[in-house]
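Notes for the one structure printed next.
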Amino acid sequence: MHRLGDDAARTGDGAISRLWSLTRRPDLRGALAEVQFHRLSRQAPILYALLTINTLLTAYAAKGHVPRILWLHVPALLVTIFVARMMVWLSRLGQDAPAERIGPQLRRTVLTARALSLMCGAWGLALLETSDAVHSQFVPMFIAMGSFASAYCLSVLPAAAFSSIFLATLPVCIALILSGERTQIAIGLDFLIIAMLILRLIGDQFGQLVKEVAAQTRTRRLAYYDQLTGLPNRRAFIELLDARVEARRGDRAGFAVAMFDLDGFKPINDSYGHAAGDQILAQLARRLSLLAEPSHVVARLGGDEFAILLHDITEEAAARAICERFVRALDAPFQLARSQIRLSGSLGLALHPHGGNSASELIARADQALYRAKALSGGQVALFSPAMEEALRRQIAIEQALRDIGNPPDIRIVFQPILGLSGKRIVAVEALARWNHPELGPLNPAEFIQIAEQTGIIVSLTEALFERAIAEAACWSGDVHLSFNLSAVQLRSASTPATLMAVMDRYGFDPRRLEIEVTETAVLTDLEAARQIFDALRARGIRIVLDDFGAGYASIFYLKEIMFDAIKIDGDLVASITATHRSRALLEGILQLCAATGLEATAEKVETKDQLALLDRLGCSRVQGYLIGRPMDSDAIGRILAETIPSTDRIARLPFFR
Ligand code: C2E
Ligand code: CA
Ligand code: CA
């Protein structure tokens, strides 16, 4: 799966490879090799310097006592090799070796150590053989020095250190012991003991090093890896993405960031428990990792939020196809101990560079796209687009403006008449919010009401709007009803009935003239809370109307669970009743349902006389729409009401009758 090291090798970029060595899955072996190499880089030049001095001193001592080849040619060759190796190591000092080159480099070092130990051992034996007993004392010295030097410098690489003992020291010790000469035997035995001690010393030191590295690895794993899934964490992902952006600056080759999130994970976590939630996340991590290509990086950013870095992506279509695969990873259910759970996941995608030119920008935009994918009903892939950015900017501007206004002077109310078909008179008026923003222009309530809900501003906003609507309605003549829309937030708040009552009391408005319009989705968020609020409102004579019936699920469930006084048939259905038989049949069915259950039905968005005639014939009780009257300001509605209510023939002034 996520092999960032390959990637670093491909780009050959130092920064990335350094970073990769930080964030890469820290397995002990790799981390150890890194430390070994690092320490060796510092020790090897010292070792070669010591060996050079040792060789020169030995040659100096042997000069004249052994054949010329042994005091001149062999040491000259050895010194040349030592100096050359020393230069190589010195030239590498301060450079970072890419992770994948470290292993082979260490193996080459062991081979070199073996070859050089063999040469030194053979030289020592030859010196012993050719020099007389008195002059051969320098040979054990030479060997001892070599052993100490390698033990000191090569303890990080036992394979190399051991070879210097076994291939150089040991043969000379054995030769000394076998010489038959008493002093030689004693020296040989002494050195044998020293060699054993050195072996032990190397072993101990190396053991210590392994422990140190293991502890470091654990710490690193905690800092860069998610404990539950074993995937890189947010920190690792961001650092890696930053390095990737840096490496690709000015380069055309593209990559993409995908944000993946489970749909509806929280309720599962709450109802099945966190252990089950953890199992799902671990299974999901495994599925995503299996689907990922070797160059992809799958990370868990937290909760049920995963991020995937896709490499070598230049086309939207290719990125999308890969992401569709990730989303389909959820087609199969998750297995829990005693049950199976089906979940979908949404994915947001941002392509570099047009989807952002920094890690935070790319992540934020992939997040925006994810938000969009979720809004599209979940289980989908959405690609970040400039239009999305524009929509988001607008949303933030609206949110800001809503916060600024506090008590909203810019937001006013318009009123749309609702005609009762039996008496052909205006029986109610719906209050609708309007906001003409100085910079953003006229804003659609469907847009700003939703934002006000998300930001919690809706509570104070509704209170202000309701008060204004009641202030106007209290001045109207007659008993015309005021219909007011409440949003989901108010249906969850137990204080809503008291707030509404207080306003009506203040203006002396009879609660029996108030109708409250609510949508199915608003009721759905907390059915029990909504039911209690409705009970409190109905106890004061306020009527409850189910709005937009036929737009959502139009479930009989709500009609059964909650005592509504009326329903409003959704405008989209009304628009097609004169065009298709199916819509007409549906409308008939809904009206029969209303008649059977004693619900009053209002058809909204009635725009043509044909629609009106049909609705009248089918027994619909009320109609609302541009045909009857557009939403208008309070003066206009006041005038119409003053004209129409006392005398039914003046109703002809309404557009519909003109
Ligand atoms: P709604 O409650 O379904 O309101 C009816 C919408 O249909 C209104 O849109 C109205 O202007 C429009 N409309 C009326 N007659 C016709 C017609 O003949 N043809 C067409 N095409 N449209 C017609 P508006 O005012 O844009 O309101 C949109 C939604 O915003 C409303 O839908 C309502 O849910 C919400 N809303 C408006 N004001 C408020 C408010 O003060 N509080 C809350 N919570 N929601 C509000
Ligand atoms: Ca409404
Ligand atoms: Ca409606």
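Here the stretch 572-607 is the region considered, the condition is being under 19 Å from residue 515 (Cα atoms) and within 15 Å of ligand 1 (Cβ to nearest atom), and the residue that is surrounded by the fewest Cβ atoms within 10 Å (Cβ to Cβ) is 605. Among the residues of this structure, residue 487 does not count as one that is away from ligand 2 (no atom under 16 Å from the Cβ), over 21 Å from residue 507 (Cβ atoms) and touching a residue at least 12 places away in the same chain (Cβ under 8 Å). For the stretch 106-116, the criterion of being under 14 Å from residue 55 (Cα atoms) and open to solvent by less than 50 Å² (accessible area, probe 1.4 Å) is satisfied by at least one residue.
Is it true that some residue in the stretch 175-186 is buried (at least 19 other Cβ atoms within 10 Å of the Cβ) and either more than 30 Å from residue 37 (Cα to Cα) or without any contact (Cβ under 8 Å) to a residue 40 or more places away in the chain (or both)? Among the residues of the stretch 175-186, at least one is buried (at least 19 other Cβ atoms within 10 Å of the Cβ) and either more than 30 Å from residue 37 (Cα to Cα) or without any contact (Cβ under 8 Å) to a residue 40 or more places away in the chain (or both), which makes the answer yes. For the stretch 422-435, the tally of residues that are within 15 Å of ligand 3 (Cβ to nearest atom) and open to solvent by 20 Å² or more (accessible area, probe 1.4 Å) stands at 1. The residue of the stretch 538-553 that is farthest from ligand 1 (Cβ to nearest atom), among those that are open to solvent by 30 Å² or more (accessible area, probe 1.4 Å) and more than 12 Å from residue 523 (Cβ to Cβ), is 539. Residue 141 meets the conditions (1) open to solvent by 20 Å² or more (accessible area, probe 1.4 Å); (2) modelled with pLDDT of 85 or more in every case but one. The failed one is (2).
When the stretch 554-571 is examined, which residues are found to be under 14 Å from residue 515 (Cα atoms) and surrounded by fewer than 16 Cβ atoms within 10 Å (Cβ to Cβ)?
563
Residues of the stretch 126-161 that are of a type in the set (Phe, Trp, Tyr) and either more than 25 Å from residue 186 (Cβ to Cβ) or touching a residue at least 60 places away in the same chain (Cβ under 8 Å) (or both): 138, 142, 152. Residues in the stretch 187-209 that are exposed (fewer than 12 other Cβ atoms within 10 Å of the Cβ) and under 51 Å from the mean Cα position of the chain (by Cα): 200, 204, 207, 208.
Conditions tested, residue by residue: (1) loosely packed, with under 15 Cβ neighbours inside 10 Å; (2) of a type in the set (Gly, Ala, Ser).
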residue: 67; (1), (2): yes, no
residue: 72; (1), (2): yes, no
residue: 80; (1), (2): yes, no
residue: 86; (1), (2): no, no
residue: 94; (1), (2): yes, yes
residue: 97; (1), (2): no, yes
residue: 128; (1), (2): no, no
residue: 133; (1), (2): yes, yes
residue: 165; (1), (2): no, no
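The values are calculated or read from the model by the stated rules, or taken from the named source; none is laboratory data. Nothing here was measured: the structure is a model prediction, and the numbers come from that model. Every residue, glycine among them, receives a Cβ derived from its backbone with ideal geometry; neighbour counts consider all protein chains shown. For accessibility, only protein heavy atoms count, side chains too; no ligands or nucleic acids. Shrake-Rupley method; radii C 1.70, N 1.55, O 1.52, S 1.80 Å.
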